[in-house]
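Report on the structure given below.
The values are calculated or read from the model by the stated rules, or taken from the named source; none is laboratory data. In this text, all values refer to a predicted model and were calculated from it rather than measured experimentally. Virtual Cβ from ideal backbone geometry, glycine too; neighbours counted across all protein chains shown. The area values use the complete protein model at the heavy-atom level, side chains included, leaving out ligands, DNA and RNA. Shrake-Rupley method; radii C 1.70, N 1.55, O 1.52, S 1.80 Å.
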Amino acid sequence: MKIVWIIDNKFRELYGLYDLKKSLSKKNIKVYFFYIKLWKTAIDLINPNIVVVPNLYKSSCEPIVNYAGEKNIDIFMHSSEGMYYTDITQKEKYPELVIKKVKKFLVWSKLDSNYLIKK
């Protein structure tokens, strides 16, 4: 199995992922980390089973989700941040049409979790 993990902010998102990559490699799961600006090249080059994105914003990862979905690649979202957000911000952060394309969500805050469960 191959996973492409899209990194938006290397200082925030790479923390602890080395250990995860090492653990998964023992189970014959390869994880490749790519900077967000290289997402299309990463997907085309690696041809992964899963793509992990840090968010679902229209201006950021929505195109990645759409492209991976067209290629029948499972999409996971590992939120890179968890804070208090209003409902207006949640709607922008998690567009309904995009969240339906994501197979698994890994979020930091209960507010994000509760919002996604409702949707």
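Points worth noting:
- Under-5 Å amide H pairs with HIS78, H placed in peptide plane, nonlocal only: VAL53, LEU106
- For the chain, the pair-distance distribution built from all alpha carbon pairs, in bins 5 Å wide starting at 0, is 2, 11, 23, 24, 20, 13, 6, 1, 0 percent.
- Across region 97-102, rounded Karplus estimates of 3J(HN,Hα) from the backbone phi angles (6.51 cos²θ - 1.76 cosθ + 1.60, θ = phi - 60°) give 5, 7, 5, 5, 8, 9 Hz, Gly and Pro being marked x.
- Positive-end ranking of VAL51, LEU38, ALA68 along the dipole of region 30-95, with charges on Cβ about the Cα centre, is headed by LEU38.
- Estimated from helices alone, the mean residue ellipticity of the chain at 222 nm is -10500 deg cm²/dmol (sum of -39500 (n - 2.57) over DSSP H runs with n ≥ 4, per residue).
- Too-long pairs where the Cα-Cα distance tops 31 Å, listed order kept, from LYS26/LYS91; LYS26/LYS118; LYS37/LYS91; LYS58/LYS118: LYS26/LYS91; LYS26/LYS118
- Residue-span extension gain [LYS2 to THR86] - 0.36 nm each, minus C-alpha spacing: 26.7 nm
- Virtual spin-label span in nm between LEU106 and ASP44, 7 Å along Cα→Cβ: 2.8
- Among the protein heavy atoms of the chain, carbon and sulfur supply 55% of the accessible surface, probe 1.4 Å, non-protein parts ignored.
- Per residue accessible area in Å² of the chain, where ligands, DNA and RNA are left out and the probe is 1.4 Å: 64
- Stretch gain in nm, segment ILE117-LYS30, where the contour uses 0.36 nm per residue and the Cα spacing is subtracted: 28.3 nm
- Candidate aspartates and glutamates for bridging to LYS30, where Cα separation is under 19 Å - those fewer than 8 sequence places away on the same chain excluded: GLU13, ASP19, ASP44, ASP74
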